[in-house]
Amino acid sequence: MSHFEQEDLWRSARGFAEDRVLAVLFERMTEKYIQSWAASAPDDEETRNDSYYMMRAIASLRTELTALAAEPEVVKFNSRLKRK
C-alpha cells in the first residue's frame with residue numbers, strides 16, 4: 001500500500017470513528033442486544049449467546065476502528081522515539 005493510500009485509509013477511519021451516525025448506530029445495536037438478552041428465558045442459550053457474541057462483535061469493531069483512526073499518531077510518536 002502506498003503512503004498516499006495509507007493516509008487516505010487513516011483519514012477514512014478517523015471519519016468513521018468520529019461519525020455521529022455510526023456512534024448512534026453502535027449504541028442502538030448495543031441496546032437492542034442488551035434488551036434481547038434481558039428478555040430471553042434463562043434457559044434460552046441460543047438467544048443469550050447470540051446477544052453476547054453480537055455485543056462482542058460491536059465492541060471489537062469499535063476498538064479496531066478507533067485503533068486504525070489513531071494509527072497516524074502512533075506512527076508519529078514511534079518515529080519521534082526512533083530519532084532520539
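Evaluating Trp37 against the criteria (1) under 16 Å from the mean Cα position of the chain (by Cα); (2) aromatic (Phe, Trp, Tyr); (3) at pLDDT 95 or above leaves one unmet condition, (1). Scanning the range 9-24 for any residue that is part of a helix (DSSP H, G or I) and acidic (Asp, Glu) turns up nothing. Scanning the range 39-71 for residues that are of a type in the set (Asp, Glu) and assigned to a loop (DSSP other than H, G, I, E, B), we see that the one that is surrounded by the fewest Cβ atoms within 10 Å (Cβ to Cβ) is Asp43.
The values are calculated or read from the model by the stated rules, or taken from the named source; none is laboratory data. These figures come from a predicted structure and were not determined experimentally. When we count neighbours, we look across all protein chains shown, and the Cβ atoms used for this are built from the backbone with ideal geometry, even at glycine.
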